[in-house]
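Coordinate-derived values only; no laboratory data. Note that the structure is predicted; figures quoted are calculated from it, not measured. With ideal geometry, Cβ positions are generated from the backbone for all residues, glycine too; neighbour counts draw on all protein chains shown.
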């Protein structure tokens, strides 16, 4: 037979009380229906569960076995109910996050740390993906949320700005330009530049190319690379300079200094959070609350 949770609870209370009358009172039942219920349970199992005595009910060997199993089953059922409740409140589950380049150097880890502190039972899984890969992973439900810049509009993807980061020039500390408090686009005329990210979808590389063109400054591209770490590493190795975001200043590579970029057309770059429109996941809703609180609070840059 299939035992349901009500069978287990009724049996457990009778076993604990050792008396049908006291068990019935505890269960808010009358005694005859509970007696019939226990008898039906014994008949369906084909074994006696209790020895009836003038003083009450004593468990048989079969009853003691069922008592052990019933206790375990009820504990598991309670645990399942509790975990279901927590999952429904976004306090339990899994959050798959798409990351990229400079985003992992400052802002995103701080947001993730706040979320983890508030909801430590939610497992956070990180995925290092390009913008194109993040959009595909969102649509295929392989990630819950992503972080990136210059995200194109799409009917199925929501994009929220987390903050706008000032732009910086990473340049060799030995370069004569490094003594200046800030650098403009004109100052970078003819300077070999390392551009990133090198992917078809519009990003910082295209923004840099456009501002050089708009200001009539010749752009000398030394290298096109995939990520900020490679770009700044090439600056450290003497390949040239790189225009990057303020978070990249947390990369402490030897021989590299950072100077603010002064440009009316390219002042800063947004960092955005992206997720599927209509996703009702409680974990996502809880995470977005953290992101939106972070975005609404003036930030002091870490490091």
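Couple of notes before you dig in:
- Helix axis angle, 282-296 relative to the chain longest principal axis, alpha carbon, degrees: 40 degrees
- Label point distance in nm, residue 77-residue 154, each placed 7 Å from Cα along Cα→Cβ: 4.5 nm
- Packing-based exposure ordering (other Cβ within 10 Å, fewest first) of 147, 294, 258: 294, 258, 147
- With each label modelled as a point 7 angstrom along the Cα→C-beta vector, the residue 221-residue 60 pair spans 8.5 nm.
- The DSSP beta bridges internal to the range 92-303 are antiparallel in roughly 60% of cases.
- Debye intensity ratio in log₁₀ form over the Cα atoms of the range 5-88, taken at each q of 0.11, 0.22 Å⁻¹: -0.32, -1.02
- Directionally averaged projected area (convex hull, Cα atoms, the range 164-303), nm²: 9.9 nm²
- Relative to the dominant Cα principal axis of the chain, helix 5-17 is inclined by about 60°.
- A Förster radius of 51 Å, combined with the Cβ-Cβ distance separating residue 31 from residue 121, puts the computed FRET efficiency at roughly 0.75.
- Over every Cα atom in the chain, the radius of gyration and the widest Cα-Cα span, Dmax, amount to 31.9, 104 Å.
- Mean Cβ neighbour count within 10 Å, used as a protection proxy, ranking 50-56, 34-40 highest first: 34-40, 50-56
- On Cα atoms only, tilt of 31-45 relative to the major axis of the chain in degrees: 80 degrees
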